[in-house]
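Accompanying notes for the structure given below.
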Amino acid sequence: MEIIKVRNYEEMSERAGEMVIDTIKQLNQPVLGLATGSTPEGLYQYLIEKHKNREVSFKHVTTFNLDEYVGLEKDDINSYNYYMNEKLFKHLDIPREQTHLPDGNALDLNEEASEYEARIKNAGNIDLQILGLGLNGHIGFNEPGTPFTSRTHIVQLDESTRQANARFFISIDEVPTQAITAGIETIMESKQIIMLVSGENKAEALARLVNGEVNENFPASILQKHDNVKIIADEAACKLI
Ligand code: GLP
């Protein structure tokens, strides 16, 4: 694991943006794994800016998002589908059919999970996966206790995760109780992983990720076993390492 310490959120977003653009320029058919949450928003703004300045095109890029809530309509303002369209896709020249999110409204969610897995495989797996870090160590929506051998699956969200994400909803009651997420093994098959960590409230989680033991009770700890992980973290997040 390589830890890249940066001063602040802006610098974290820029560094990650440069790496994403390098990958897009190097590969003929790059496959990006994308995350939601507050952390990657600055990265997405950076990519939009570079695209608007005609420095990069996304026409040949394919994307797969990590996760989606179960039970929200695609155009619900809290769905990750809506988030991705608003915060990234609609500002780029990426053909919409090359962007993928799990369908949290599929009639048969288990079937959707295995099809999503197959779509990633057919695309040749993820070249570059962007990850955020949950306060309880979750990656995607893989909560503590998720087997390291998991593939895309349906999860019951931890109460702490629902509370952490309640800030986006009118009230905690509106936060879905389930989600569909790429599994730990799915994430680990990515050729390269960039994890973004910002803010003092993530310091404890980051310290446990970097120095703690590899344990299913702290899902992100598995990243210690991946041979191409870069963690870009700001000063506040690095307080305990
Ligand atoms: C969310 C998402 C994750 C995200 C994490 C951190 O629940 N499912 O993909 O990385 O929690 O979110 P944030 O960046 O808002 O702190």
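Residues of the range 158-192 falling in the label zone of Asn125, defined by backbone nitrogen less than 18 Å from a point 7 Å along Cα to beta-carbon, are 182-192. Remark: the range 137-147, residue by residue, has Karplus-estimated 3J(HN,Hα) of x, 6, 10, x, 10, 7, 7, x, x, 5, x Hz, where x stands for each Gly or Pro and the curve is 6.51 cos²θ - 1.76 cosθ + 1.60 at θ = phi - 60°. Ellipsoid fit via the Cα gyration tensor, the range 62-185: semi-axes of 21, 19, 14 Å, each the root of five times an eigenvalue, largest first. The 1.4 Å probe gives accessible areas that order Arg167, Arg15, Arg208, largest first, as Arg167, Arg208, Arg15. When the chain is described by a simple charge dipole with +1 on each Lys and Arg Cβ and -1 on each Asp and Glu Cβ, the residue from Ala166, His51, Leu206 located farthest towards its positive end is His51. Taking the Cα centre of the chain as origin and assigning +1 to Lys and Arg Cβ atoms and -1 to Asp and Glu Cβ atoms, the resulting dipole is close to 760 debye. Toward the positive end of the charge dipole of the range 2-234, with +1 on the Cβ of Lys and Arg and -1 on the Cβ of Asp and Glu, the farthest Cα among Ala179, His100, Gly124 is that of Gly124. Here's how it looks for His100: its modeled amide H is under 5 Å from those of Thr63, Phe64, Asn65, which are all 5 or more places away or on a different chain. A 1.4 Å probe run over the protein chains yields, for the chain, 46 Å² of accessible area per residue, whole-number rounding. By the helix-only formula, in which each DSSP H run with n ≥ 4 contributes -39500 (n - 2.57) and the sum is divided by residues, the chain has a 222 nm mean residue ellipticity of -9000 deg cm²/dmol. One Cα centroid belongs to the range 36-107, the other to the range 205-224; the line between them spans 28 Å. The distance between label points at Glu97 and Ile3 comes to 4.6 nm (points 7 Å beyond Cα on the Cα→Cβ vector). Here's how it looks for Gln192: its modeled amide H is under 5 Å from those of Leu128, Gln129, which are all 5 or more places away or on a different chain. Taking amide H as placed 1.01 Å from N in the peptide plane, the amide H of Gln178 sits under 5 Å from that of Val70, Leu157, each at least 5 places away or on another chain.
Once Rh is set to the Kirkwood radius over Cα pairs, what Stokes-Einstein translational diffusion coefficient, in µm²/s, holds for the range 2-234 at a temperature of 37 °C and a viscosity of 0.692 mPa s? It comes out at roughly 186 µm²/s.
The values are calculated or read from the model by the stated rules, or taken from the named source; none is laboratory data. What you see is a predicted model, and the numbers here were worked out from it, not measured in a lab. Methodologically, a virtual Cβ is constructed for each residue, glycine included, from the backbone with ideal geometry; neighbour enumeration extends over all protein chains shown. Ligands, DNA and RNA are excluded from the accessible area calculation, which covers all protein heavy atoms including side chains. Shrake-Rupley method; radii C 1.70, N 1.55, O 1.52, S 1.80 Å.
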